[in-house]
Amino acid sequence: MLDTRDFELLAAIQLGLPISPRPYHDIGLALGMAETEVIARLTVLKRIGLIKRLGVIVKHRQLGYRANAMIVWNIPDAFVKEIGSRISQASFVTLCYQRPRTPEWPYNLYCMIHGKNRDTVLKQLEQLGTDCNLDRFDRQILFSRRCFKQRGAVYRTPEPAAPAELAHG
Amino acid sequence: MLTDLHKQLLNDFQRDFPLVERPYLEIANRLGVSEDEVLSALAELRDNRLISRVGPVIPPNQIGASMLVAMAVPEPELQRIADIVSRFPEVNHNYEREHRFNLWFVAVASTTDHLARVLDSIERETGYLTQRLPLVNDFFIDLGFRLDLSHA
């Protein structure tokens with residue numbers, strides 16, 4: 001089972017691993033944890049899915065992927081899992097979540113597409129619609145415009161108040 | 001300009017970063033370059049803000065609680081309201097989107113109670129209602145993002 005040391009470790013690496021020859025050693029120094037223990041704990045955290053992936057986290061916008069669309073559908077609850085799983089397999093999709101509907105916002109499936117420009121994203125969305133038979137469902141496309149704030153989530157672990165960083169909500 | 005090494009690091013190491021004592025050396029060996037070259041290239045990518053970090057992606061709601069929130073704000077008011085929202089330390093991504101619901105942000109906190117209090121405060125301070133859209137299911141298996149860097 002996980003213990004508080006795992007959460008301390010997650011908190012310590014969320015802003016990024018040191019770019020130094022022995023990053024796990026350096027992380028361990030700050031936590032009073034041996035390098036081998038850091039590696040062993042991270043291996044477990046990855047296996048159980050608390051770390052979804054470990055690697056280079058790119059900044060899409062800076063790399064020329066300036067069009068970002070969030071697409072939402074209203075899918076009958078009975079189909080949402082199956083359709084969500086299919087959508088998430090498209091190579092250009094970067095997130096796919098189910099969320100509850102509200103009286104003012106009757107959509108329950110969300111996906112994100114990052115593309116170099118608006119036309120590419122719309123074409124990819126059209127292809128997705130055909131491949132996953134989505135055209136029968138009510139849908140909205142919301143391209144992003146201004147970015148007011150973006151940074152990793154600063155998390156406070158339940159007990160020791162160590163700041164950490166998290167991905168998307 | 002990106003070098004071939006930059007491009008390889010951007011595209012081929014978004015996942016399965018080596019969990020060994022000298023991970024950058026292992027990457028260097030795979031690419032046939034030196035450890036120093038890998039370290040410098042990654043530092044350059046980070047310093048030029050082309051990568052945010054070498055590190056983990058953690059699924060939402062595993063540590064604490066997170067919430068996607070939407071607000072419909074009249075255009076002339078948007079910057080002011082967005083600034084109020086951004087001032088909350090619990091808010092991370094905060095974007096304008098093209099829709100009547102034009103302000104979208106993610107808030108995170110260690111407990112759902114704290115999160116609810118933050119969103120109540122945001123409603124009070126801005127005078128606009130929030131649509132609270134917590135995660136129910138995450139269908140996405142994150143394998144990284146295939147970048148087309150042919151013109152980069």
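Ignoring ligands, DNA and RNA, what accessible area per residue does segment A:4-56 give at 1.4 Å, in Å²?
Values: 2090 Å² over 53 residues.
With all protein chains present, segment A:4-56 gives 39 Å² per residue.
Counting only heavy atoms of protein chains, what accessible area per residue, in Å², does segment A:61-143 have with a probe of 1.4 Å?
With the other protein chains kept in place, segment A:61-143 gives 47 Å² per residue.
In this structure, the amide hydrogen of A:Arg146, modeled 1.01 Å from its nitrogen in the peptide plane, lies closer than 5 angstrom to those of B:Glu96, counting only residues at least 5 positions away or on a different chain. Placing one identical point scatterer on every Cα of segment A:40-80 and ignoring solvent, what is log10 I(q)/I(0) from the Debye formula at q = 0.23, 0.30 Å⁻¹? Values, matching the q order: -0.78, -0.96. Three principal axis extents of segment A:13-67 based on alpha-carbon atoms, in descending order, are 43, 26, 15 Å. Only Lys, Arg, Asp and Glu carry charge here, each on its Cβ (+1 for the first two, -1 for the last two); on that basis chain A has a dipole of about 620 debye about its Cα centre. In segment B:27-55, burial by the other protein chains removes 40 Å² or more of accessible area from B:Leu39, B:Arg49, B:Leu50, B:Ser52, B:Arg53, B:Val54, B:Gly55, compared with the chain on its own (1.4 Å probe, ligands and nucleic acids ignored).
Put a plus charge on the Cβ of each Lys and Arg, a minus charge on the Cβ of each Asp and Glu, and nothing anywhere else: the dipole of segment B:5-57 about its Cα centre is then about 260 debye. In segment A:9-47, burial by the other protein chains removes 40 Å² or more of accessible area from A:Gln14, A:Leu17, A:Ile19, A:Pro21, A:Tyr24, A:Ile39, A:Lys46, compared with the chain on its own (1.4 Å probe, ligands and nucleic acids ignored). Taken over segment B:4-47, the alpha-carbon convex hull comes to 70 cubic angstrom per residue.
Summarised in one figure, the compactness ratio Rg/Rh of chain A, Cα atoms and Kirkwood Rh, is 1.05. Please report the relative contact order for chain B, taking Cα pairs under 8 Å with a sequence separation of at least 6, and give it as a percent rounded to a whole number. Relative contact order, chain B: 25 percent. On the basis of the beta-carbon distance and an R0 of 25 Å, A:Lys123 and B:Leu149 show a calculated FRET efficiency of 0.80.
Under the criterion of Cα pairs below 8 Å and six or more residues apart, the relative contact order for segment A:61-143 equals 43 percent.
For chain A, the longest principal axis of the alpha carbon atoms and the long axis of helix A:77-87 meet at an angle near 70°.
Here are some pairs, A:Lys59/A:Lys123; A:Lys59/B:Lys7; A:Lys59/A:Lys149; which of them have Cα atoms lying more than 19 Å apart in this structure?
Working: A:Lys59/A:Lys123 22 Å; A:Lys59/B:Lys7 13 Å; A:Lys59/A:Lys149 14 Å.
Pairs exceeding 19 Å: A:Lys59/A:Lys123.
Tell me, what is the per residue accessible area of chain B in Å², probe radius 1.4 Å?
Details: 6870 Å² over 152 residues.
That works out to 45 Å² for each residue.
Whole-Hz Karplus values for segment A:138-146 come out as 5, 8, 9, 10, 10, 6, 7, 10, 7 Hz, taken residue by residue from phi with 6.51 cos²θ - 1.76 cosθ + 1.60 and θ = phi - 60°; glycine and proline positions read x. Pairs of alpha-carbon atoms within less than 8 angstrom and 6+ residues apart define the contacts here; what relative contact order does segment A:4-56 have, in percent? Across segment A:4-56, relative contact order equals 25 percent. B:Thr126 contributes an accessible area of around 10 Å² to the protein surface, as traced by a 1.4 Å probe with all chains present.
Measure off, as a whole percent, the carbon and sulfur share of the 1.4 Å-probe accessible area of chain A, all protein chains present.
Working: 4100 of 7840 Å².
The C+S portion of the solvent-accessible surface of chain A is 52 percent.
Using θ = phi - 60° in the Karplus curve 6.51 cos²θ - 1.76 cosθ + 1.60, the 3J(HN,Hα) couplings for segment A:2-16 round to 6, 10, 4, 4, 5, 5, 4, 5, 4, 4, 6, 9, 5, 7, x Hz; x is entered for Gly and Pro. Chains A and B together bury roughly 7900 Å² of accessible surface, counting both sides and using a 1.4 Å probe on protein heavy atoms. Just the number, please: Stokes-Einstein D of segment B:65-133 in µm²/s, Kirkwood Rh from C-alpha pairs, 37 °C, 0.692 mPa s. Taking Rh from Cα pairs, D becomes 279 µm²/s. Using a 1.4 Å probe on the protein chains only, how many percent of the accessible area of chain B belongs to carbon and sulfur? Carbon and sulfur atoms account for 49 percent of the accessible area of chain B.
The values are calculated or read from the model by the stated rules, or taken from the named source; none is laboratory data. Please read these numbers as outputs of a predicted model, since none were measured by experiment. Glycine also receives a Cβ, built like all others from the backbone with ideal geometry; neighbour counts cover every protein chain displayed. Remember, those area values only see protein heavy atoms, side chains included, never the ligands or the DNA or RNA. Shrake-Rupley method; radii C 1.70, N 1.55, O 1.52, S 1.80 Å.
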